[in-house]
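After the C-alpha cells below, expect a handful of questions from me.
The values are calculated or read from the model by the stated rules, or taken from the named source; none is laboratory data. Remember, it's a predicted structure, so these values are computed and weren't measured experimentally. Virtual Cβ from ideal backbone geometry, glycine too; neighbours counted across all protein chains shown. These area figures cover heavy atoms from the full protein model, side chains too; ligands, DNA and RNA do not enter into them. Shrake-Rupley method; radii C 1.70, N 1.55, O 1.52, S 1.80 Å.
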Amino acid sequence: DKNDHIWVLNRPRDLKEDNVAKGEAECCSAAPAILEFDTAGNLLKAWGKPDMVPGWPQSEHTIFTDNDGNVYIAGAQPGDTLLKFTGDGQFVKDFGHRGPKVPRGQMQKQDNQQTDLLLRGVASATLDEAAGEIYITDGYLNKRVVVYDWNTGAFKRGWGAYGKPLSEISND
C-alpha cells in the first residue's frame, strides 16, 4: 500500500477440521482473512471472516488497496463480488451487482459480451486511481478483462486474449 505495508488475503475456510484432527495443522483455527504487515514482517492488523458482512465471498481470491487506505477483496465463485472496507475492516460498500449464485455441480453460462457491472467471480482486480478506472479480470467464468469507471460503475472497455474484441469471444 502507500505506506509500504503488505496486505495478505488468507482463505480461512481452506483449513479443514479434519486436517487439524489428523495432526496436519498445529493450530485449532485459521487466521483471519485480512492480514496487514509492515516491511519488517510485524503483524499490524488482522480482521475478516466468512459471513462478517452480507455478501462476504464464498471463495476469497484477490486483495488490493487504494491511496486512501481502503482495502478491497473479491471472490472467485459465482455470486461473489468486490467489497470495499476501511483499513480497520469496517464495511464501506459493494462494487457492482452480484451475479447469480449457482448450485455446486451446475455450470453457469458464459457471457463475454455482457458489460453491465454484473460480477460472477473476480479472478483479479486493480485500480488506476489517476484515470478513475478499475480493471477486472473475469477469467473464471468468462475470458476477458473489463474496465469500468471507478466512480460511476459505467463500462468503459474490455477485451479478450491478444486484444480480441468482446464481440468476438466465444461463449461456447
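For region 150-168, check the following and say yes or no: at least one residue is of a type in the set (Asp, Glu) and at pLDDT below 90.
Within region 150-168 (the criterion being of a type in the set (Asp, Glu) and at pLDDT below 90), the answer is no, since none of the residues qualifies.
I would also like to ask the following. Residues to consider are Ala40, Ala31; find the one that is in contact with a helix residue (DSSP H, G or I) (Cβ under 8 Å, 6 or more places away or on another chain) and either assigned to a loop (DSSP other than H, G, I, E, B) or at pLDDT 95 or above (or both).
Ala31
Output the residues belonging to region 122-149 that are assigned to a loop (DSSP other than H, G, I, E, B), open to solvent by 40 Å² or more (accessible area, probe 1.4 Å) and modelled with pLDDT under 90.
Within region 122-149, Gly139, Tyr140, Lys143 meet the criteria.
Hey, any hits in region 90-99 for a residue that's touching a Leu at 6+ places or on another chain (Cβ under 9 Å), open to solvent by 70 Å² or more (accessible area, probe 1.4 Å), at pLDDT 90 or above and closer than 22 Å to Asp1 by Cα?
Within region 90-99, one or more residues are touching a Leu at 6+ places or on another chain (Cβ under 9 Å), open to solvent by 70 Å² or more (accessible area, probe 1.4 Å), at pLDDT 90 or above and closer than 22 Å to Asp1 by Cα.
Further question: Tell me, which residue of region 52-89 that is at pLDDT 85 or above, of a type in the set (D, E, K, R) and assigned to a loop (DSSP other than H, G, I, E, B) is most open to solvent (accessible area, probe 1.4 Å)?
The residue in question is Asp68.
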